[in-house]
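Input: a single structure, listed below in structure tokens.
Each reported figure results from applying straightforward, stated rules to the coordinates on display, with no laboratory input. Here the structure is a predicted model, which means the values were calculated and not measured. Backbone-built Cβ (ideal geometry, glycine too); neighbour counts: all protein chains shown.
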Amino acid sequence: MSAFRRGFFCIGLSYASNLGRLSGALVRRQAMKIPTVIRKNWISLSAIGGLCAVPFSQKQDNLSHEALVRRASSLVTDSTNTFLSQTTLALVDSFTQYVKTIHTLVTLHKHYVASGSKLTPSEEDSVWQVIVRQRQEVSDLREDCKRFESNWMMAINLSKLAAETAYNAGADQASVTAQTSLQVAQSHVNQIRQLFMEAEKKLKESKAEDSQRIKLPAAMEEEDIPEAYLRED
């Protein structure tokens, strides 16, 4: 029985192989029957021994190739403008939040340094824990700014390329729109970047991000106890 199953399995493999070769030959013969003009508009891809054909988009509404290229370049500029708009909004928001958080940390640290020695241990600990959390938030927001800025730079480069492509394709209006979007985005980011740099400078000068915790003086009652009372009888 085992020998019979192996023989049957080999026959099945041979049949499948012959069937695959026969199908491939039939597809090739049928493809050769397609007129040459039509065959040139197809991309033939070999995938696992089969024939996969993807047709090019045909001309629509009797438009010329130049008109279709202009239309396509306009669609590209629309997409890049949307991408640029969203990445600009994300970057401006992240910069704004980062600047606000820095100002909060600097103000809190300044108050802590000025009055830390006057605080009770529990008050000092509470304020210090808030400073620690604020430092972590500044660090997290800084990473967000780097990530969004990388996306924004990619959007800027894509928009420049799309504007140039549209201009070369004769889509002047699309090119002008893309260039205007670029100027507006760069203007917004430059304004908030100035505030970003000023906040970074203030943070560095205040040392609010890397200062050490204040050491409170020993309790007064321990300092005022005479040495004689500390001796054992």
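Between beta-carbons, use under 13 Å as the cut-off and find the net charge around ALA90, counting Lys and Arg +1, Asp and Glu -1.
Values: positive: LYS146, ARG147; negative: ASP93, ASP144, GLU149.
Net charge around ALA90: -1.
Could you work out how far apart the two model spin labels at ALA72 and SER187 are, taking each label as a point 7 Å from the Cα in the direction of the beta carbon, and quote it in nm?
Here the modelled spin labels are 3.4 nm apart.
What's the local net charge at TRP152, with K and R +1, D and E -1, over the other residues with C-beta under 14 Å away?
Values: positive: LYS146, ARG147, LYS160, ARG193; negative: ASP93, ASP144, GLU149.
Neighbourhood net charge equals +1.
If I model a spin label as a point 7 Å beyond the Cα along the Cα-Cβ vector, how far apart are those points for ASN62 and LYS110 in nm?
Distance between label points: 7.4 nm.
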